Structure formats: structure tokens, C-alpha cells
Amino acid sequence: FFNAENKSFCGLDEITITAVWAKVADGAEKREVEEKWKKLNGKEFELCLQRSGLVNETAKMIFKAYES
């Protein structure tokens, strides 16, 4: 399950994990982990929006500096 080249997911090969995840028996524990993944994905999306806003703000400042 580990891929040292894929640093964006802490070395975890998410494609492999997703493919094997179906073999995990359904139940409360599996649903709990799936809920944690949903929450984490939401936080990642929020962070992406924050990063994009910061990049936008920085780009505007750079643009103003070039105008003057």
C-alpha cells in the first residue's frame, strides 16, 4: 500500500487502497473510517481554497508592483 514517490498522500498509494477497500467488511468501523475520509477531504478542499486566495492576493500585489 505504500508508494514512496507519492508524497502528497504521506506515501500512501490511494489508488491501491481504494481498490482493496471493497474487501473490508461493511460495518460500523468501516463507516466511521469513511466518515473520517469525508471530513478530511472537506478540510483539504478548504485548504485549497485558502491557498488559492493567498496566491491571488500575492499575484495582485506583484502586479501592482510592476505597474508602478
- prompt: Taking only the alpha-carbon positions of the range 12-53 and ignoring solvent, what does the Debye formula give for the base-10 log of I(q)/I(0) at q = 0.22, 0.25 Å⁻¹?
  reply: -0.81, -0.91
- prompt: Stretch R31-C48 to full length: gain in nm at 0.36 nm per residue minus the Cα-Cα span?
  reply: 3.6 nm
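All of the numbers you see were taken from the coordinates with simple rules; none came from a lab. Only a predicted model underlies this, so the values are computations on that prediction, with no experimental measurement involved.
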